[in-house]
Amino acid sequence: MQTIGQQLINGLSLGSIYALLALGYTMVYGIIKLINFAHGDIYMLGAFWGYYVINVLHVNFIVALLSAMVFCALVGVVIEAIAYRPLRHSPRITALITAIGVSFLLENGMSYLFTANTRNFPQVIKTVTWHFAGMRISNIQVLILVTACLLMLILELIIKKTKMGKAMRAVSVDPTAAQLVGINLNHTISFTFALGSAMAGAAGVLIGLYYNSIDPLMGMTPGIKAFVAAVIGGIGSVPGASLGGFIIGLLETAVQAIGLSAYKDAVVYVVLIVILLVLPAGIFGKNVKEKV
Amino acid sequence: MKTTLKANAVWLGVMILGFVVIDAAEFAGLVNTFIENMLVTIGINVILATGLNLIIGFSGQFSLGHAGFMAIGAYATGIITQSIATPLGFYLSMIVGIFVAIIAALIVGIPTLRLRGDYLAIATMGAAEIIRILINNLKITNGAAGLFNIPALASWATVYTIMCVTTIVTVNFIHSRGGRAVMSVREDEIAAEAMGINTTRWKLAAFVFGAATAAIGGSLHAAYIQTIAPSDFNIMASIAILIIVVLGGVGSITGTFVAAIVLGALDTILQNFGTLRMIIYSLALILIMIFKPTGLLGNWELSFKRLNHHKEVSAHE
Amino acid sequence: MSNRLLDAQHLVKNFGGLTAVSDVSVHFDQNELVGLIGPNGAGKTTLFNLLTGVTPISSGAITLATDQGVQTLNGQRPAQIAQAGLSRTFQNIRLFKDLTVLDNVRIAMTNHYHETFFGSIFRTPAFYRTEAAMTTAAQNLLGIFDLTTVADQPAKNLPYGIQRRLEIVRALATKPKLLFLDEPAAGMNPEETADLTRLIRQIQHDFHITIVLIEHDMSLVMTVVERLYVLEHGALLAAGTPAEIQKNPAVIKAYLGDETTC
């Protein structure tokens, strides 16, 4: 029982990172039907930004988190404007390859500029571990969970309550119609990239604190996992991405706990395939039938 | 019929000429190990990408798991030729690889090909990762360390010949009743069904065909490079093949050749740039996509039959 | 009764809570030309989709008379139904756009010619013979409908009216017993519609098949069909000859509206 509780906590903290990342995938996909392959690398940039501002400017955690979000939002907007916007009316697979190119560029650019070494993330918050009913919970885990949930709540409010959020939803349903009612397509898409990338930036700083190590290739695997999470939840669905993130996080820790860590990723993919076979558009996705 | 025969003769001539040119260059000492490596990599990439192009470009199904089937071929060769280190053993291992890849493709394809677009991509990617993780944890495949000292049973000539054969077979399939049925699935699944085309069956046919050619590519890779490890067949490997297909032009086999050659040459030239190599490579990729969104050749195909036809028409005028 | 071709009894289709087709029974006889009319949203295309298997029926029974006796079409996939002899066109043209006109027709002939996989990849003489036979058959069909000159064009390059015609030719290439035409005159000018009327009669005459058409153009419907079904709100409102339908008060009400409720 204690181990289950322990794994639940570990799984939830890992899952909240995946969830934050999956949100970016799902929002971008929802609005321009692009698998933004470079999203995991934005998360890496967030972690590096956190690393430098804490080490060089000696800022506290909150400032590091917020500035990383702002920085990543800007990067996301710039990438969209330069690399994806010219391809908006091109075959979708072309935009996907461009996204892969951007991902390679960010990974290798960072390796070139700052070396490919792994480095220790500064412990800006001293780790405190609480023992509670035989389980160990660290303040970092609590911080990750609370921050992630708070950010998801804010995101949900932005999408549901603000004018820009309404525009985002309109564009994701029908871009042409949205333009006809006076929605600025470019602004809305930029805004979506900004929001998604900010979430990834936050996730980067949080994972730095949690795992205490960062490197230029750190975004690759979590990026793919987060995309899988978004697909499981039903790509395009915001609550789906959060749910998918938590499912993957919990699944991974559970598989590890029963001693099958070598098959950790395989289990995730098996679950993905099974879910897709039962629900071809993910848990919250709408299965759109083509009209004849 | 006559023009078909003529065009086929021209193609045969081109293939023999290619062989003779490379052979002469080898003989004259123009080809060092470095260049031979490049040529072989191009050849294997052509085999892999042609098969993937059949799936993506002709049947319109987005598969992201090509490296998984390649791994099956590579490991079949790696394991079998260590016991039977003869050319016969190599071809036997290739056939075993094809066979296992076909079975794996059926297991993966039958359930997942119902999915559409990106969902299919992510499911096939997952399936390929499952294959890789299994190889990573099995004893017979020597786990994460992989296999070393695989007998060198494939020369550049083997790769060249098999590249020609797989290309001929693929192109012949495309220009047949089956190939047209496969293309109708890409064009409009609902209309194809209404015309009596069992779309599930033809999608699966293209998928299995592609998987078989991937296994051939894997076999050659193992026998030429002589060292394989599970990490050679990860998601990035599948993406590398996808890049060749899209860069050349989805639905153009000629484009696949051009892209494989361009990327192979680019990779070799960029070796001198050290760490800058991947930065230049990724920038090139982004720029080509932005300025040539349908790939280098779009869906254009080189056809001697058509060239001939044009000549005859202009002669008449 | 002996020449009954397709019989659909008590067809029902529910989409979630919405009943798109409720308890509709229709039948089509051999070499008959039948019209299906009704206001927008009456369920005409849905009925076509049910009969051709594109959408599965919620309940009911569809049977087809074949050489091997009466065969049920319930639960079969569209390709099987097409192979059994039901072919169709679509309201919003669905050609294989990037393929040539010839290939569009040859694809529809897929099930009537057999090439082995071995034969096609190694180009055996048998393969060349089948390909030649298939191509000749396709060209003959194109010739009948004046499409020979565009045979090598991609379908998407054809003008609208020609695309509609090609779609009919493609459907005929499957050698159907029964051809469903979904609004063949939609978007056509009067001249093109007149051509189409001739074309439909010619097909019925030359190919000896049953034709069912959905049409809004009343002049076309009333001049070509022998029998009519009228659908409204997913249910059968009336059936009969054009003359009977024109006098049917329920039909007039459905089309012109009820004065008192307007």
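The values are calculated or read from the model by the stated rules, or taken from the named source; none is laboratory data. Please read these numbers as outputs of a predicted model, since none were measured by experiment. All Cβ positions, even for glycine, are placed from backbone atoms using ideal geometry, and neighbour counts span all protein chains on display.
The residues of the range B:272-295 that are outside any helix (DSSP H, G or I) and at pLDDT below 90, listed by number, are B:Gly274, B:Thr275.
Output the residues belonging to the range B:129-180 that are farther than 30 Å from B:Ala191 by Cα and hydroxyl-bearing (Ser, Thr, Tyr).
Within the range B:129-180, B:Thr141, B:Ser155, B:Thr158, B:Tyr160, B:Thr161, B:Thr166 meet the criteria.
Here is a check on your reading of the model: is B:Ile102 in contact (Cβ under 8 Å) with a residue 12 or more places away in the chain, assigned to a helix (DSSP H, G or I) and either more than 9 Å from every other protein chain (Cβ to nearest Cβ) or surrounded by fewer than 23 Cβ atoms within 10 Å (Cβ to Cβ) (or both)? Yes; evaluated as a whole, the condition is true for this residue.
Output the residue which, of all residues in the range C:94-111 that are touching a residue at least 60 places away in the same chain (Cβ under 8 Å) and more than 9 Å from chain B (Cβ to nearest Cβ), is surrounded by the most Cβ atoms within 10 Å (Cβ to Cβ). In this case the residue turns out to be C:Val105.
Evaluated against (1) out of contact with any helix residue (DSSP H, G or I) (no Cβ under 8 Å at 6 or more places or on another chain); (2) in a loop (DSSP other than H, G, I, E, B); (3) modelled with pLDDT of 90 or more, B:Leu17 falls short on exactly one condition, (2). Out of B:Ile122, B:Ile80, B:Ile110, B:Ile95, one residue alone is in a helix (DSSP H, G or I), crowded, with 24+ Cβ neighbours inside 10 Å and not polar (S, T, N, Q). It is B:Ile122. Among the candidates A:Ile248, A:Ile224, A:Ile235, the residue that is at pLDDT 95 or above and within 14 Å of another protein chain (Cβ to nearest Cβ) is uniquely A:Ile248. If you filter the range A:158-193 down to residues that are outside any helix (DSSP H, G or I) and of a type in the set (A, V, I, L, M), you find that the one that is surrounded by the fewest Cβ atoms within 10 Å (Cβ to Cβ) is A:Val181.
If the condition is being touching a Leu at 6+ places or on another chain (Cβ under 7 Å) and either within 14 Å of chain A (Cβ to nearest Cβ) or in a helix (DSSP H, G or I) (or both), then the range B:214-242 contributes B:Ala214, B:Gly217, B:Ala223, B:Ser238, B:Ile241, B:Leu242. Of all residues in the range B:137-176, those satisfying the criterion of being within 26 Å of B:Asn32 (Cβ to Cβ) and part of a helix (DSSP H, G or I) are B:Trp156, B:Ala157, B:Thr158, B:Val159, B:Tyr160, B:Thr161, B:Ile162, B:Met163, B:Cys164.
Quick one: would you say B:Thr167 is away from chain A (no Cβ under 14 Å), closer than 18 Å to B:Met70 by Cα, of a type outside the set (Phe, Trp, Tyr) and touching a Pro at 6+ places or on another chain (Cβ under 9 Å)? Taking the combined requirement at face value, the residue does not satisfy it. Quick check on A:Leu34: is it of a type in the set (A, V, I, L, M, F, W, C) and either surrounded by fewer than 20 Cβ atoms within 10 Å (Cβ to Cβ) or out of contact with any Gly (no Cβ under 9 Å at 6 or more places or on another chain) (or both)? So A:Leu34 fits the description; yes. Checked against (1) in a helix (DSSP H, G or I); (2) of a type outside the set (Val, Ile, Thr); (3) more than 23 Å from C:Phe118 (Cβ to Cβ); (4) out of contact with any strand residue (DSSP E or B) (no Cβ under 7 Å at 6 or more places or on another chain), B:Gly251 passes all but a single condition, namely (1). Of the residues making up the range C:72-90, not a single one is among the aromatic types (Phe, Trp, Tyr), within 9 Å of chain B (Cβ to nearest Cβ), within 30 Å of B:Asn8 (Cα to Cα) and in contact with a helix residue (DSSP H, G or I) (Cβ under 8 Å, 6 or more places away or on another chain). For the range A:78-133: of the residues being β-branched (Val, Ile, Thr), surrounded by fewer than 20 Cβ atoms within 10 Å (Cβ to Cβ) and closer than 21 Å to A:Ala198 by Cβ, which is modelled with the highest pLDDT? Here the residue is A:Val78.
When B:Ser238, B:Ser219, B:Ser303 are screened for being modelled with pLDDT under 95 and either within 21 Å of the chain's Cα centre (by Cα) or surrounded by 21 or more Cβ atoms within 10 Å (Cβ to Cβ) (or both), only B:Ser303 passes. The residues of the range B:181-205 that are acidic (Asp, Glu) and more than 8 Å from chain C (Cβ to nearest Cβ) amount to a single one, B:Glu189. Within the range C:171-199, the set of residues being away from chain B (no Cβ under 14 Å), out of contact with any Asp or Glu (no Cβ under 9 Å at 6 or more places or on another chain) and on the phi > 0 side of the Ramachandran plot comprises just one member, C:Gly187.
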